[in-house]
Amino acid sequence: MFKPLRQAGALALCVALLGISCAAGAADIKSGLKIAYIPKQINNPYEVIADNGGMAAIKEFGGVGKVVGPSDAGASSQVQYINTLITQRQDAIVIAANDANAVVPYLKKAMSQGIKVVTFDSDTAPEGRQLFVNQANAEGIGRGQIQLVAKLMGGEGEFAILSATPNATNQNTWIKWMQEELKKPEYAKMKLVKIAYGNDDDQKSFVETQGLLQAYPNLKAIIAPTTVGIAAAARYISSSSSKGKVDVTGLGTPNQMRAFVKNGTVKAFQLWDPNQLGYLAAYAAAALASGTITGKEGESFDAGKLGKRTIGPQGEIILGPPTTFDSGNIDNFNF
Ligand code: RAM
């Protein structure tokens with residue numbers, strides 16, 4: 001008689017007897033859950049770290065994880081993978097969406113067949129998923145990027161944004177908040193001259209950087225809110241005559257950016273731990289697929305080493321604030 005109390009019954013017990021709601025624990029996760037990850041693109045180092053975090057979590061709770069996905073971040077490149085996963089009757093799909101709308105009909109089809117859908121990193125329109133695991137508050141990321149570039153530029157001059165694809169939900173939301181932040185009077189002497197798109201393709205990002213420097217000879221900084229873009233921009237600038245004149249900042253992984261911080265091309269940039277992002281998304285998907293949460297605001301679940309997490313408005317779960325990396329702390333990070 002104690003066994004049911006220890007497991008699924010524990011939740012009902014604390015609600016009924018103590019009058020409080022309890023977080024769903026890892027013990028409530030069904031065993032053998034099939035959870036498939038679809039990154040924006042499989043060859044993006046950031047996505048690889050995030051997916052590895054997901055696979056580690058799935059291993060912890062005894063599920064079966066896999067990663068499938070396209071080699072480019074095009075708007076509908078993920079559709080065929082979603083369709084295959086539906087046929088394979090996965091328990092949950094965890095996806096970093098390349099477009100807010102293109103994948104929605106297919107994800108809706110998955111959900112209509114009982115497959116749980118969690119977006120992470122880059123969201124769909126809300127009807128395309130049950131939960132969105134966001135790396136950090138989008139407004140905070142966008143405003144933070146402008147605050148950082150303003151410091152680097154001494155609060156005046158021309159700067160450009162080198163983004164990922166024109167459809168990327170995450171970058172577009174961050175850029176919207178950057179533009180909001182820029183309206184403040186303290187940035188009156190700063191001018192955003194261009195938003196370029198490197199499509200999260202290393203070579204295209206490299207060429208776009210070159211184009212920005214040619215088109216805007218007075219450019220003082222480039223913000224690349226993409227790990228692919230910032231690394232390509234830094235590589236271009238580090239061996240060009242713009243080194244020391246044009247600051248590169250944005251969102252990057254410490255391991256990809258370390259050499260450029262050491263050689264002085266990059267003074268500071270930001271990110272969160274993509275591994276933890278993928279890890280959190282797996283626990284969210286497992287809690288949904290086990291029926292311990294339904295996706296409503298206020299529900300909470302156990303996320304392994306990340307502890308208890310609570311669903312916020314619009315089905316959003318936030319990992320935590322970003323870290324700013326510079327020459328003083330970059331060697332403390334290895335991802
Ligand atoms: C790239 C991708 C990803 C984004 C990071 C910051 O790797 O665009 O979606 O979150 O950059």
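For the reader, a short list of remarks on this structure follows.
- Test: residue 162 is outside any strand (DSSP E or B), among the hydrophobic types (A, V, I, L, M, F, W, C) and at pLDDT 95 or above: no
- Every listed requirement among (1) in contact with a strand residue (DSSP E or B) (Cβ under 8 Å, 6 or more places away or on another chain); (2) closer than 30 Å to residue 229 by Cα; (3) open to solvent by less than 50 Å² (accessible area, probe 1.4 Å) is met by residue 314 save one, (3).
Each row is one residue, and each column tells you yes or no for (1) under 26 Å from residue 197 (Cα atoms); (2) open to solvent by 20 Å² or more (accessible area, probe 1.4 Å); (3) outside the structural domain of residue 48 (by TED's automatic domain parsing).
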site	(1), (2), (3)
259	yes, yes, yes
288	no, no, no
294	no, yes, no
305	no, yes, no
324	yes, yes, yes
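- Within the stretch 74-91, the set of residues being without any contact (Cβ under 8 Å) to a residue 40 or more places away in the chain, of a type outside the set (Val, Ile, Thr) and either open to solvent by less than 30 Å² (accessible area, probe 1.4 Å) or within 16 Å of the ligand (Cβ to nearest atom) (or both) comprises 77 only.
- Selection over the stretch 43-73 of residues that are crowded, with 19+ Cβ neighbours inside 10 Å, within 16 Å of the ligand (Cβ to nearest atom) and assigned to a loop (DSSP other than H, G, I, E, B) gives a count of 4.
- Test for residue 94: is it over 21 Å from residue 226 (Cα atoms) and within 16 Å of the ligand (Cβ to nearest atom): no
- Subset tally (residues that are open to solvent by 50 Å² or more (accessible area, probe 1.4 Å), within 16 Å of the ligand (Cβ to nearest atom) and either of a type in the set (S, T, N, Q) or touching a Cys at 6+ places or on another chain (Cβ under 6 Å) (or both)) for the stretch 168-213: 3
- Residue list for the stretch 261-282, filter: assigned to a helix (DSSP H, G or I), open to solvent by 10 Å² or more (accessible area, probe 1.4 Å) and not β-branched (Val, Ile, Thr): 262, 275, 276
- Residue pairs whose Cβ atoms lie under 8 Å apart, separated by 6 or more positions or on different chains, with the first residue in the stretch 259-272 and closer than 12 Å to residue 248 by Cα and the second open to solvent by less than 10 Å² (accessible area, probe 1.4 Å) and more than 16 Å from the ligand (Cβ to nearest atom), are 261/330; 265/237.
The values are calculated or read from the model by the stated rules, or taken from the named source; none is laboratory data. Nothing here was measured: the structure is a model prediction, and the numbers come from that model. Note that we place each Cβ from the backbone using ideal geometry, even for glycine, and neighbour counts take in every protein chain shown. These accessible areas exclude ligands, DNA and RNA; they are computed on the full protein's heavy atoms, side chains included. Shrake-Rupley method; radii C 1.70, N 1.55, O 1.52, S 1.80 Å.
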